[in-house]
Amino acid sequence: MSGLMARVPRRYDKGKSLSLTKTDRIMLNQARAILTHSRELAMDVLQGGMPFSKAHDEAQRANQGRLSNAFRLKELRRLLPEVAAQVEDGSLTLAEGTSELQER
């Protein structure tokens, strides 16, 4: 991430777009994903405690988990709204609600 940051100017005129290569844009998006996932993880990368690629992998895994949980809850709402309500109020876990869906 520090390599990318070295190539991005600190200041630029508003209204002017930065001219970044495709690789730089990909790395910038990956850096944003890491930062969105965990500010501490991003700081660890900047300080050299964790490789950029490893941090990005961790951020992607966390995001996939959130997406799959959101999808499962959406399916519960669609197919078994009463069970979804129990998951949302905390009386059932998402895993218990999903198993309820599989049993019916």
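Taking max minus min of the alpha-carbon positions on each principal axis, segment 25-104 gives extents of 49, 24, 17 Å, largest first.
Using a simple charge model, +1 on the beta-carbon of Lys and Arg, -1 on the beta-carbon of Asp and Glu, nothing else, what dipole does segment 33-104 show about its Cα centre, in debye to the nearest 20? Present the calculation step by step, with values, prior to reporting the outcome.
Numbers: 9 positive and 11 negative charges, 58 e Å.
Charge dipole of segment 33-104: 280 debye, to the nearest 20.
Report the FRET efficiency, 1/(1 + (r/R0)^6), for LYS74 and ARG32, where r is their Cβ-Cβ distance and R0 is 22 Å, rounded to 0.05. Mind dumping the intermediate values first?
Values: r = 25 Å, r/R0 = 1.14.
That gives a FRET efficiency of 0.30.
Exposure proxy shown here: for PHE52, PHE71, the number of other Cβ atoms within 10 Å sets the order, fewest to most, as PHE71, PHE52.
Multiplying the residue separation of SER19 and LEU101 by 0.36 nm and subtracting their alpha-carbon distance yields 24.5 nm.
Around MET50, what is the net charge, scoring Lys/Arg as +1 and Asp/Glu as -1 over all other residues with Cβ under 12 Å from its Cβ? Mind showing how you got there, number by number?
Working: positive: LYS54; negative: GLU40, ASP44, ASP57, GLU58.
Neighbourhood net charge equals -3.
Spacing of the modelled spin labels on ASN63 and LEU94, each 7 Å from Cα toward Cβ, amounts to 1.6 nm.
Each value in this text was obtained by applying a stated rule to the coordinates, not by laboratory testing. Every value quoted in this text rests on a predicted model; they were computed, and no experiment measured them. No Cβ is skipped: glycine too gets one built from the backbone with ideal geometry, and neighbour counts run over all protein chains shown.
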